[in-house]
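Everything below concerns the one structure shown next.
The values are calculated or read from the model by the stated rules, or taken from the named source; none is laboratory data. Because the structure is predicted, anything quoted here is derived from the model rather than measured. Positions of Cβ are generated from backbone atoms using ideal geometry, with glycine treated the same way; all protein chains shown enter the neighbour counts.
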Amino acid sequence: MDRSGFFLPIGALPSTMGAMDEIFTSYTANGDLHHAYLIEGDVAASKATLYAHLQNAELPHEGHPDFWAGEFEVLGIDESRALKEVQMGGPVAGAHRVFVVMTTLITHEAQNALLKVFEDPTPGSHFFLLTPSAYALLPTLRSRMMRAGGSVSEDAVSPEAEAFLNAPLKGRLDLAKKIADKKDRAYAIMLADELTRILHARFLSAGAMPQPEGVRALEAASLVRGYLNDRAPALKMLFEYLALVL
């Protein structure tokens, strides 16, 4: 059932600023720069901090011929293929090329297409992937990057997740509409992650034989979570489905 790292907890991510400091302190001290970094958190804030670090470290940054940046709401297969092509070849004005990819969501198809690039890019190429949440990424892609942002609290439970699980059917359907009205896929992904985690803890972590209704609820949450990683049906439809199953 693990299409995209299901059953991972979510919570408040610590600031990525300290983690980025460490990346560039290490580079300044010994020249070490990993081929791919995953930077979680507010994309706009992370972008500003990253760009300042690149400039201060005298690495390719805005305006440099060996710098490339792309911003996407959804990065699909066409965009991933274009990224694969643009990273071919070597630096033209130094030892490094820097690629900054900023996106809310990467489809499964696109992630699979990027596995080889992020694992073994052309020499001198370094990728920085900026995204609100690592849970939108397949474990296979996450494993190919160094992660900035630290661990996530396993105890944090959002009020929205608790409300969705504890409300009667009409209340859950009303909440499904509110989730859709936010038009925030990253938020929906994090909420689905938390719902899946809570259901997993309730029905599969107690050591007892799970009840059929618990298994159905967990499967439904996992299904919704998986669809959110692609160009899925409407958010309202997905969470209404989950509300009905629960």
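A few remarks follow.
- Cβ-Cβ distances below 8 Å connect the following pairs, each with a first residue in segment 163-176 that is assigned by TED's automatic domain parsing to the domain that holds ALA221, a second residue that is surrounded by 13 or more Cβ atoms within 10 Å (Cβ to Cβ) and of a type in the set (Lys, Arg), and a separation of six or more residues or different chains: PHE164/ARG172; ALA176/LYS236.
- Which numbered condition LYS183 misses (of (1) loosely packed, with under 13 Cβ neighbours inside 10 Å; (2) charged (D, E, K, R); (3) at pLDDT below 80): (3)
- Within segment 52-83, the set of residues being out of contact with any His (no Cβ under 6 Å at 6 or more places or on another chain) and without any contact (Cβ under 8 Å) to a residue 12 or more places away in the chain comprises ALA52, GLU58, GLU62, GLY63, ASP78, ALA82.
- Among residues of segment 34-51 that are more than 22 Å from LEU115 (Cβ to Cβ), those with a beta-carbon under 7 Å from a residue that is assigned to a helix (DSSP H, G or I) and not acidic (Asp, Glu) at least six positions away or on a different chain give the pairs THR49/MET17; THR49/MET20; LEU50/MET20.
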